[in-house]
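Asks: Here you go, one structure.
The values are calculated or read from the model by the stated rules, or taken from the named source; none is laboratory data. Note that the structure is a prediction, hence the values are computed from the model and not measured. Neighbour counts run over all protein chains shown; Cβ positions are idealised from the backbone, glycine included. Note: areas computed on protein heavy atoms with side chains; ligands, DNA, RNA excluded. Shrake-Rupley method; radii C 1.70, N 1.55, O 1.52, S 1.80 Å.
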Amino acid sequence: MITLQPSDRHQSLTVTIPPAGVSLQGTLQIPGDKSISHRALMLGALAEGETTIQGLLLGEDPRSTAACFTAMGAQISELNTELVTVTGIGLGQIQEPVGILDAGNSGTTMRLMLGILASHPDRFFTVTGDDSLRSRPMSRVVNPLVEMGAQIWGRKGNSLAPLAVRGQELQPIHYHSPIASAQVKSAILLAGLMTYGRTTVTEPALSRDHSERMLRAFGAQVDVDPETHSATVTGYPTLKGQQVIVPGDISSAAFWLVAGAIVPGSELYIENVGVNSTRTGILVALELMGADITLENQREVAGEPVADLRVKHSKLIACEIGGDLIPRLIDEIPILAVAAVFAQGTTIIRDAAELRVKESDRLQVMAAALTKMGANITELPDGLEITGGGSLVGAELDSYTDHRIAMSLAIAAMMATGTTTIDRAEAASISYPTFFDSLQSIAKL
Ligand code: S3P
């Protein structure tokens, strides 16, 4: 039985997970895609007229986005998965909020919103977030926005929140981003909406392209050059409210893909998963490892590719990953590390230094937690080296308030002998509020 109890050490919940005595079986519906949920709320708020959103993620992160845009004049109905209605404010019309905008734990909310705020002249904004977000680098969006003429102030050379923004008329730029980051790309493209001329972002590898797709659907002109990984937005489009259908989040499905692959005898069917090729790196990596995953009922829903995924247990082998694949599975590396513990040979993950500036330092936290469970794992400056084939023992662990760490360690715990506790486990609700219920239902723990 999985139990959630008040933590002794933090004002939070500790989850206790016994080993999975049986194989995992069942059909899972996963929550809506986090990236698409944020963008639907933001573009709905900036558009004229009404936007409807089906399948919105009800996690804490989209709630932060909704609260921020409500404070700036958007009318957003009560959040639910069936149908959310956003009555747009109109591009250029956002109102100066009387209070501080709180992005909570959400890097996407803060970074994308900064592009919008910086480009709305004659208004003043202050933006903050929780302890984790206030320690994450904002210079990656502040610097290009300042290059466009933005006025932004903050701690540590204007790189850390809380940030203050005085909206300005901006100039278009061609920004060559040093990192493949959809948050950076999207912040600049969103600023480009309110900037006369053409604003371009070129990135070293292609990051998720949900902004480009959704901006086009709402009526903006967005030109992409796949050869150079560039996207260009033309300023001052007319954005019109749309019907958005949010597919299930492949980053949430990843926990079940790995669980089904490593727990002997398992077979799981995961319905309605977004399989946009900028997000399917986890499928590529698991296929390299010999996982038995099939895509069924492939279809397109509201401009995004979707499929149902079937995973069956199989023997896994180690793999080496890096380069352009990394942005396509950036959020899945913690759970991939768990898969590697059960793969024969040494898995090497490189070019993933970005993980150090996520909700926690995910390389350090995963290496420490899996070492405590008995895994053979070494932290590299930009990745992890994991020699699989051993076994895990239950341990007392901590999520460090990082949702993907909480869920990755929960899957590892099922494969450990003895019981594992994970402190601050409620972090899962950032992107997957029903995660532990689903775990209980398929694992009969
Ligand atoms: C996101 C982009 C990624 C990802 C994050 C969501 C987005 O971050 O890790 O969970 O919605 O644009 P980076 O752009 O920093 O890589």
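Asks: Quick check, is G149 open to solvent by less than 10 Å² (accessible area, probe 1.4 Å), more than 15 Å from the ligand (Cβ to nearest atom), of a type in the set (G, A, S) and under 25 Å from L239 (Cβ atoms)?
Replies: Details: open to solvent by less than 10 Å² (accessible area, probe 1.4 Å): no; more than 15 Å from the ligand (Cβ to nearest atom): yes; of a type in the set (G, A, S): yes; under 25 Å from L239 (Cβ atoms): yes.
No; evaluated as a whole, the condition is false for this residue.
Asks: Okay, moving on. Among the residues of segment 331-361, how many are in contact with a Lys or Arg (Cβ under 8 Å, 6 or more places away or on another chain), within 21 Å of S35 (Cβ to Cβ) and away from the ligand (no atom under 11 Å from the Cβ)?
Replies: 3
Here's the yes/no breakdown for (1) away from the ligand (no atom under 16 Å from the Cβ); (2) over 19 Å from the mean Cα position of the chain (by Cα); (3) within 14 Å of M113 (Cβ to Cβ):
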{"site": "I36", "(1), (2), (3)": "no, no, no"}
{"site": "E48", "(1), (2), (3)": "yes, yes, no"}
{"site": "L57", "(1), (2), (3)": "no, no, no"}
{"site": "P62", "(1), (2), (3)": "no, no, yes"}
{"site": "A66", "(1), (2), (3)": "no, no, yes"}
{"site": "E82", "(1), (2), (3)": "yes, yes, no"}
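Asks: Could I ask something else about it? Tell me, please, whether a residue that is open to solvent by 40 Å² or more (accessible area, probe 1.4 Å), within 16 Å of the ligand (Cβ to nearest atom) and modelled with pLDDT of 95 or more can be found in segment 266-279. Show your work before the answer.
Replies: In the first step, residues of segment 266-279 are kept if they are open to solvent by 40 Å² or more (accessible area, probe 1.4 Å); the result is 267, 271-272, 277.
Filter again for within 16 Å of the ligand (Cβ to nearest atom), leaving 277.
With the extra rule that they be modelled with pLDDT of 95 or more, the set shrinks to 277.
Yes; the residues of segment 266-279 include at least one that is open to solvent by 40 Å² or more (accessible area, probe 1.4 Å), within 16 Å of the ligand (Cβ to nearest atom) and modelled with pLDDT of 95 or more.
Asks: From the list I36, I53, exactly one residue is assigned to a strand (DSSP E or B) and crowded, with 23+ Cβ neighbours inside 10 Å. Which is it? Steps first, answer last, please.
Replies: Details: I36 fails: assigned to a strand (DSSP E or B).
Answer to the selection: I53.
Asks: Does segment 359-378 hold any residues that are assigned to a strand (DSSP E or B) and crowded, with 16+ Cβ neighbours inside 10 Å, and which are they? Lay out the reasoning, then the answer.
Replies: Pass one, segment 359-378, residues assigned to a strand (DSSP E or B): 376-378.
Answer for segment 359-378, where residues must be assigned to a strand (DSSP E or B) and crowded, with 16+ Cβ neighbours inside 10 Å: just I377.
Asks: Do we find a residue being outside the structural domain of A182 (by TED's automatic domain parsing), buried (at least 24 other Cβ atoms within 10 Å of the Cβ) and in contact with a His (Cβ under 9 Å, 6 or more places away or on another chain) anywhere in segment 240-261?
Replies: Among the residues of segment 240-261, at least one is outside the structural domain of A182 (by TED's automatic domain parsing), buried (at least 24 other Cβ atoms within 10 Å of the Cβ) and in contact with a His (Cβ under 9 Å, 6 or more places away or on another chain), which makes the answer yes.
Asks: How many residues are in contact with a helix residue (DSSP H, G or I) (Cβ under 7 Å, 6 or more places away or on another chain) and part of a loop (DSSP other than H, G, I, E, B) if we restrict to segment 142-160?
Replies: So the answer is 3.
Asks: Let me ask something else. Within segment 198-223, can you find the residues that are assigned to a strand (DSSP E or B) and away from the ligand (no atom under 16 Å from the Cβ)? Even if it seems obvious, please write down each step before you answer.
Replies: Taking segment 198-223 and keeping what is assigned to a strand (DSSP E or B), we get 198-202, 222-223.
R198, T199, T200, D223 - these are the residues of segment 198-223 that are assigned to a strand (DSSP E or B) and away from the ligand (no atom under 16 Å from the Cβ).
Asks: So which residues in segment 311-333 are small (G, A, S), surrounded by fewer than 19 Cβ atoms within 10 Å (Cβ to Cβ) and over 16 Å from R208 (Cα atoms)?
Replies: Keep residues of segment 311-333 that are small (G, A, S), which gives 314, 318, 322-323.
Going one step further and asking which of them are surrounded by fewer than 19 Cβ atoms within 10 Å (Cβ to Cβ), we end up with 314, 322-323.
S314, G322, listed by residue number.
Asks: Could I ask something else about it? Would you point out which residue out of R140, R111 is open to solvent by 40 Å² or more (accessible area, probe 1.4 Å) and within 16 Å of the ligand (Cβ to nearest atom)?
Replies: On the way: R111 fails: open to solvent by 40 Å² or more (accessible area, probe 1.4 Å).
The unique qualifying residue is R140.
Asks: Also, quick follow-up: Could you list, in sequence order, all residues of segment 161-173 that are more than 16 Å from the ligand (Cβ to nearest atom) and touching a residue at least 40 places away in the same chain (Cβ under 8 Å)?
Replies: If we filter segment 161-173 for residues that are more than 16 Å from the ligand (Cβ to nearest atom), which is where we start, we get 162-173.
Within segment 161-173, P162, L163, A164, V165, R166, G167, Q168, E169, L170, P172 qualify.
Asks: Which condition from (1) open to solvent by 40 Å² or more (accessible area, probe 1.4 Å); (2) within 16 Å of the ligand (Cβ to nearest atom); (3) in a loop (DSSP other than H, G, I, E, B) is the one that A180 breaks?
Replies: Against the list (1) open to solvent by 40 Å² or more (accessible area, probe 1.4 Å); (2) within 16 Å of the ligand (Cβ to nearest atom); (3) in a loop (DSSP other than H, G, I, E, B), A180 comes up short only on (1).
Asks: More than 16 Å from the ligand (Cβ to nearest atom) and of a type in the set (A, V, I, L, M, F, W, C): which single residue out of A118, A40 fits that description? Give the derivation first.
Replies: Values: A40 fails: more than 16 Å from the ligand (Cβ to nearest atom).
One residue alone meets the criteria, A118.
Asks: On to the next question. Do you know which residues across segment 315-330 are aliphatic (A, V, I, L, M), within 13 Å of the ligand (Cβ to nearest atom) and under 16 Å from I293 (Cβ atoms)?
Replies: Going through segment 315-330, the residues aliphatic (A, V, I, L, M) turn out to be 316-318, 321, 325-326, 329-330.
So of that shortlist, the ones also within 13 Å of the ligand (Cβ to nearest atom) come out as 326, 329-330.
Hit for segment 315-330 is L329, nothing else.
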